[in-house]
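Let me begin by presenting the structure, written as C-alpha cells, before commenting on it.
The values are calculated or read from the model by the stated rules, or taken from the named source; none is laboratory data. As the structure is a computational prediction, the values presented were derived from the model and not from experiment. Positions of Cβ are generated from backbone atoms using ideal geometry, with glycine treated the same way; all protein chains shown enter the neighbour counts.
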Amino acid sequence: MTSPRTILSSMDLQAKKQLGQNFLSDPSTAEMIVSRARICASDTVLEIGPGLGALTFPLAKYARQVIAIEKDHQIAGILKSMIASSQFSHVTIIENDILKVNVNDIADQAGHPLVVMGNLPYNISSQVLIQLIQNRKAVSRAILMFQKELAAADDEVFLSRIIQASFGKRRKTLKNALSSSSLEISGQLAEKALACAFIVPSRRAETLSVEEFVALSNCLGNLINDESPDFEVQPDADA
C-alpha cells in the first residue's frame with residue numbers, strides 16, 4: 001500500500017491541522033486493528049474519517065458493507081478513485097461531516113445496528129462520542145482510536161457521563177449543565193472541579209478539547225471521592 005505521505009505529496013497536498021487529520025500509515029497496524037475488531041460477513045461498518053483508506057480496505061475484506069464518512073473534499077475524491085479501481089463494490093464513500101450525519105438513518109437502511117470504526121480527529125473526538133451515545137440503539141459496537149490524552153482518564157465510564165452531561169444542555173454554561181444533570185452534583189462542586197481542570201465555568205461543552213474533558217472527569221471524580229468515600233458512579237440506566 002502506498003504511504004499517505006507519498007500520495008499526498010504526489011498531489012501537492014498535506015494533512016489539514018484544522019480538521020485534525022492524522023493518517024494511519026502502517027499497513028500492519030491497520031490489519032491488526034481490523035483483526036481485533038472481529039469484523040464478520042454480516043457486519044455493516046460505519047467508518048469515521050477514512051482518510052486514504054488505511055482501515056477502509058482491510059475492513060472491506062471482511063464486512064458486508066463499508067460506509068465511510070469523509071469531510072475533506074480532496075481526500076474524499078482520492079479515496080473514491082482508489083475504491084473505484086478496486087474490487088470492493090460494497091464500499092461507499094460519503095463526503096460529509098460525521099456530526100451532520102444521521103446515524104439512525106444509515107442503520108435503518110442497513111437493516112441492523114452498525115459497527116462504528118474510526119481514527120477520530122482530535123478536535124471532534126468528544127462530539128463524536130456524545131453523538132454515538134445519543135444514537136446507541138443504532139450502534140452494535142464501536143472501535144475508536146483517540147489521541148493518547150484520552151487514555152489518561154481515570155474512569156472511562158465517568159468520563160462518558162461527564163461528556164453526556166456537558167452536551168446535554170448545550171445552551172447552558174458548563175457549570176450549570178453539570179450541576180443540573182443526572183450527575184446530581186452542586187453548582188459549587190461543579191465550579192470547584194472546573195477550577196481544578198483550569199476551565200472557565202462560563203464556557204460551553206463544544207469549546208472543550210478531549211484533554212480538557214479528561215482533566216475535568218479526573219478532577220470531579222477525585223473531588224466526589226474526597227467528599228463522599230462511599231459514592232459510586234453508575235452508568236445511566238438506559239446506556
>> Could you go through region 166-181 and let me know if any residue there is among the charged types (D, E, K, R), closer than 27 Å to Pro113 by Cα and in contact (Cβ under 8 Å) with a residue 40 or more places away in the chain.
In response: no
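Taking the residues in region 68-99 that are assigned to a loop (DSSP other than H, G, I, E, B) and polar (S, T, N, Q) as candidates, determine which candidate is nearest to Leu120 (Cα to Cα).
Asn96
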>> If I filter region 67-88 down to residues being surrounded by fewer than 22 Cβ atoms within 10 Å (Cβ to Cβ) and small (Gly, Ala, Ser), which single residue comes out as nearest to the chain's Cα centre (by Cα)?
In response: Ala76
> Restricting attention to region 133-140, does a residue exist that is polar (S, T, N, Q), outside any strand (DSSP E or B) and over 23 Å from Ile75 (Cα atoms)?
Replying inline: yes
> What number of residues within region 45-67 are at pLDDT 95 or above, among the aliphatic types (A, V, I, L, M) and part of a strand (DSSP E or B)?
Replying inline: 4
>> Anything in region 1-44 that is modelled with pLDDT of 80 or more and surrounded by 11 or more Cβ atoms within 10 Å (Cβ to Cβ)? List them, or say none.
In response: Thr29, Ala30, Glu31, Met32, Ile33, Val34, Ser35, Ala37, Arg38, Ile39, Asp43, Thr44
>> What's the total number of residues in region 101-122 that are over 10 Å from the mean Cα position of the chain (by Cα), closer than 23 Å to Thr29 by Cβ and in a helix (DSSP H, G or I)?
In response: 0
